[in-house]
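One structure is given here, and the rest of the page talks about it.
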Amino acid sequence: MSWIVKTKVVVPLDFSEYSFRAMETAKELVEDPGQLHVIHVLLPMSVMEPGAVWSELDDNKRIENVKKHLRKELGEETFNAVNVEVLIGYAPKDIVRYAKKVSAGLIAMHTRGSDGGHHFLMGSTTERVVRHAECSVLVLRD
C-alpha cells in the first residue's frame, strides 16, 4: 500500500473539467470507490431570484437538480459507488467542515475551478481549503 492511498478522500466538484480531473486522480488514491466523498456546495439562493419569487424553485429542488447532473456527468455506476453530498452554503467552509465530519484523510482538488481562473489566487476556494483543512489537501495543476 502506497503512503498516498487514503481510506476517505473528499473531492469538491464544481462541474468544471478541472474538478472532474481531480475526481479521476482521487479514484487512483483509494482502493474502493466507496471511499470517495464527492461534495458540491451551492450558494444560498437570493430571495429576489425569479425561481424563489414565484415559488418555482427551492433549495430541495436545487439539490435534486445538482444530483441529477452529477449522476449524468459521473455515470450511473460511479454515482452509485461514491458518497455524494450537496450542501448549501459557503464552499471553503463547508468543504473543510464536511471533510472533518467524515474523518477524511485527504481532500483532492484542482487549482482552477468553474470561474476559469488560471492562477492559484489569494482568496480562492482552494487556498482557503488548504489553510483551514485539518487533513492533507492534494492540490492539482495542469
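The values are calculated or read from the model by the stated rules, or taken from the named source; none is laboratory data. None of the values given here were measured: they were computed from a predicted structure. Backbone-built Cβ (ideal geometry, glycine too); neighbour counts: all protein chains shown.
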Open item on the list: Whether any residue in the stretch 72-79 is modelled with pLDDT of 95 or more, over 21 Å from R21 (Cβ atoms), surrounded by 14 or more Cβ atoms within 10 Å (Cβ to Cβ) and touching a strand residue (DSSP E or B) at 6+ places or on another chain (Cβ under 9 Å) is what I want to check.
Closed with: no
Open item on the list: Report every pair of residues separated by at least 6 positions or lying on different chains whose Cβ atoms are under 6 Å apart, first residue within the stretch 25-39 and surrounded by 14 or more Cβ atoms within 10 Å (Cβ to Cβ), second of a type in the set (D, E) and assigned to a strand (DSSP E or B).
Closed with: I39/E85
Task: Meets criteria (of a type in the set (A, V, I, L, M, F, W, C) and within 12 Å of V38 (Cβ to Cβ)) for V102 - done: yes
